[in-house]
Each structure stands twice: as structure tokens, then as C-alpha cells.
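Some notes on the structure that comes next.
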Amino acid sequence: MKSEEAPIISVIIACYNQGIYLSDALNSLRKQTFQNWEGIIVNDGSADDTEKIALEYVEKDERFKYVFQENGGVSKARNTGAAQALGTYILPLDADDKLEGTYIEKALLHFAHHPETVLVYCQWGFFGEATSHSQVSYKGYAKLLVNNEIFVHQFLERAICFGLVVLMRICI
């Protein structure tokens with residue numbers, strides 16, 4: 001990717017004292033089949049080795065950016081990342097989560113074939129000691145807004161809409 005080229009996907013990695021998992025999350029992003037992304041690592045005031053690990057990734061891959069803020073919670077960290085995002089789409093990625101290698105590519109294909117789509121989300125599963133998987137199904141936008149039935153935070157959303165789903169849920 002050329003540095004002057006605007007990334008299509010802005011991945012916001014909020015991290016608070018989860019440095020132990022951060023490398024797994026960042027490696028899962030680097031292994032995506034779709035490579036035109038930026039990774040904005042937002043350290044939400046961590047007291048562990050989050051900063052050290054994040055800066056190692058910034059050094060080895062120019063697509064990563066690092067931002068530190070005093071602890072304000074995951075929503076503030078995501079908003080801080082979104083304020084710096086250059087992408088057409090935003091993907092929140094928690095520091096203790098990993099993406100399947102073709103996730104971004106598949107999500108973008110869905111947007112391309114269904115331009116009315118606002119956000120795309122995925123099935124999820126535990127890794128490590130727990131190994132269960134989700135049984136997520138779409139039952140309509142109203143149910144999604146009222147009940148937040150997707151549970152998973154790794155949804156791809158048009159940047160212009162970022163935060164609106166949450167705002168609409170609060171207002172209902």
C-alpha cells in the first residue's frame with residue numbers, strides 16, 4: 001500500500017491492560033487477505049506493556065498508528081480512534097479479539113453487492129480454553145437496535161454511520 005493512498009478500512013483497536021493479547025489481535029489484522037487498512041491502536045491508560053507492544057507494531061508496519069489517552073473507557077477509546085480514522089469503513093477490534101483471515105474481504109464484498117447495507121457483522125467463537133461458537137442470526141434492524149442481538153463488537157460499518165447505531169439504540 002502506498003502511504004499517500006487513503007485506507008479503505010480504519011480498524012480501531014481499543015486496549016486497556018490487555019497487552020498480553022494485543023499481538024494476537026494485531027497479527028490477525030496483518031494476516032487479512034484484504035490489505036488496504038490502517039490500524040489505530042488506542043491505549044486507554046493501560047498500566048501494563050500495551051504501549052511497548054503497540055510501538056513495536058508501529059515500527060514494523062506503517063499502517064499502524066498509536067494513540068495514548070488517559071483511561072476513559074472503551075467507548076471513549078473507540079471515539080478517539082474514529083476521530084483519527086481516514087477510512088471509508090470503520091471496524092472496532094477489541095485488543096483481546098482476533099479476526100478470521102478473510103473477514104474484511106468478505107464484509108467488503110457484501111457492501112459491494114448490497115449498497116444499502118449500513119453494517120456487516122459476523123459469527124464469533126471463543127478461542128483458548130473455551131471453544132464455543134455463536135449462533136447469530138439477523139431478525140431485522142429494529143430487533144438489532146433494541147436488543148443489540150449481535151453481541152460481537154467486530155462489525156464493519158460505513159465511517160459516515162459510525163456511532164449512529166448505538167445512538168439510535170439509546171434513543172429508542
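The values are calculated or read from the model by the stated rules, or taken from the named source; none is laboratory data. All of these numbers come straight from a predicted model, not from anything done at the bench. Because the Cβ atoms are built from the backbone with ideal geometry, glycine has one as well, and the counts that use them run over all protein chains shown. The accessibility values were calculated without ligands, DNA or RNA, using every heavy atom of the protein model including side chains. Shrake-Rupley method; radii C 1.70, N 1.55, O 1.52, S 1.80 Å.
Would you list Phe68, Phe34, Phe111 from the most to the least accessible area, probe 1.4 Å? Don't skip to the answer; put the middle values down first.
On the way: Phe68 100, Phe34 45, Phe111 5 Å².
If we order Phe68, Phe34, Phe111 from most to least accessible, we get Phe68, Phe34, Phe111.
For segment 34-41, backbone phi angles converted through the Karplus equation (6.51, -1.76, 1.60; θ = phi - 60°) give residue-by-residue couplings of 8, 10, 8, 9, 10, x, 9, 8 Hz, Gly and Pro being listed as x. Net charge dipole, segment 1-87: roughly 260 debye, given to the nearest 20, about the Cα centre with Cβ charges of +1 for Lys and Arg and -1 for Asp and Glu.
3J(HN,Hα) along segment 101-109: x, 10, 4, 4, 4, 5, 5, 5, 4 Hz, from the Karplus curve 6.51 cos²θ - 1.76 cosθ + 1.60 with θ = phi - 60°, whole Hz, x for Gly and Pro. Taking the charge dipole of segment 1-123 about its Cα centre, with +1 at Lys and Arg Cβ atoms and -1 at Asp and Glu Cβ atoms, the residue from Leu22, Ile104, Leu55 reaching farthest to the positive side is Ile104. Rounded to the nearest 10 square angstrom, Glu56 shows an accessible area of 80 square angstrom against a 1.4 Å probe.
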